[in-house]
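The values are calculated or read from the model by the stated rules, or taken from the named source; none is laboratory data. Fair warning: this is a prediction, and the values are worked out from it, not measured in the lab. Cβ sites come from the backbone with ideal geometry, for glycine too, and all protein chains shown count toward neighbours. To get the accessible areas, we keep the full protein, side chains included, count just its heavy atoms, and leave off ligands, DNA and RNA. Shrake-Rupley method; radii C 1.70, N 1.55, O 1.52, S 1.80 Å.
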Amino acid sequence: STTSRRTPVGVAAPGNGAATLKVEGKGLPLLPAQPYLAQVAKLELRGGLLDLAGDLLLDPAATPALRYTGTLALNQFGTVDARRKRDFLNWKSLAVEGLDASLQPVRVRAATIRADGLYARVIVAADRSTNLGDILVDGGTSAAGAGGERAPPDVAVERVILKRSRLRFAEGPAEFVN
């Protein structure tokens with residue numbers, strides 16, 4: 001049997017709604033998040049456990065209003081393409097060290113991402129489109145700004161380490177440039 005542990009500790013400012021929480025969780029099951037995943041992606045969550053340790057800062061008056069700094073790990077994670085019923089993205093473990101992530105605006109910085117047993121199935125069509133956009137519930141248009149264009153996410157990762165991993169590309173040409 002799997003046990004999970006949660007330890008939120010923090011300080012809140014009732015006057016302005018701001019709060020700083022030390023968060024720690026180990027072995028938190030991800031399956032209860034399936035209804036939220038289904039709202040944004042055509043994926044079925046098959047499993048996963050979340051470990052995290054860091055600080056969660058909430059401040060409705062600040063920009064960003066929500067920010068997390070610390071570490072995060074997703075273990076025994078698995079998804080299946082809901083339409084094709086085939087493995088889509090899976091791994092034994094994925095750990096993010098030196099994480100600094102915020103919402104509104106979305107910004108992610110990570111010192112290191114370590115993946116063990118990573119598997120991803122990416123289909124590249126002749127027109128160079130991929131199945132990644134097909135996985136999104138609305139094709140990614142809900143996050144688009146005026147004119148239907150959406151700004152690329154602000155993400156920076158210093159180092160990625162893959163161990164016993166496999167990326168499978170299928171159907172059509174793929175071109176990779178350094």
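What are the pairs with Cβ atoms under 8 angstrom where one residue, in segment 117-136, is among the basic types (K, R) and the other, located anywhere, is surrounded by fewer than 16 Cβ atoms within 10 Å (Cβ to Cβ) and modelled with pLDDT of 80 or more? Sequence gap at least six, or different chains.
R121/R86; R121/D87
Sort through P173, P105 and tell me the only one that's surrounded by 11 or more Cβ atoms within 10 Å (Cβ to Cβ) and at pLDDT below 85.
Answer to the check: P105.
Yes/no matrix, rows are residues, columns are (1) of a type in the set (K, R); (2) modelled with pLDDT under 95; (3) surrounded by fewer than 16 Cβ atoms within 10 Å (Cβ to Cβ); (4) closer than 21 Å to S102 by Cβ:
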| residue | (1), (2), (3), (4) |
| --- | --- |
| T3 | no, yes, yes, no |
| G17 | no, yes, yes, yes |
| G25 | no, yes, no, yes |
| A38 | no, yes, yes, no |
| A53 | no, no, yes, yes |
| L56 | no, yes, no, yes |
| F77 | no, no, no, no |
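Can you pull out every residue in segment 73-95 that is under 19 Å from R166 (Cβ atoms), not basic (K, R) and not in a strand (DSSP E or B)?
Matches in segment 73-95: none.
(1) in a strand (DSSP E or B); (2) open to solvent by 30 Å² or more (accessible area, probe 1.4 Å): which one isn't true of A126, the others all being true?
(1)
Mind checking which residues of segment 108-118 are open to solvent by 30 Å² or more (accessible area, probe 1.4 Å) and of a type in the set (D, E, K, R)?
If the condition is that a residue be open to solvent by 30 Å² or more (accessible area, probe 1.4 Å) and of a type in the set (D, E, K, R), then R109, R114 are the ones that fit.
Which residue, of G70, G98, is surrounded by fewer than 18 Cβ atoms within 10 Å (Cβ to Cβ), assigned to a strand (DSSP E or B) and more than 14 Å from the chain's Cα centre (by Cα)?
So the residue among G70, G98 that is surrounded by fewer than 18 Cβ atoms within 10 Å (Cβ to Cβ), assigned to a strand (DSSP E or B) and more than 14 Å from the chain's Cα centre (by Cα) is G98.
Only residues that are among the hydrophobic types (A, V, I, L, M, F, W, C) and free of Cβ contacts under 8 Å to residues at least 24 places away in the same chain: list them for segment 25-36, please.
Within segment 25-36, L31, A33 qualify.
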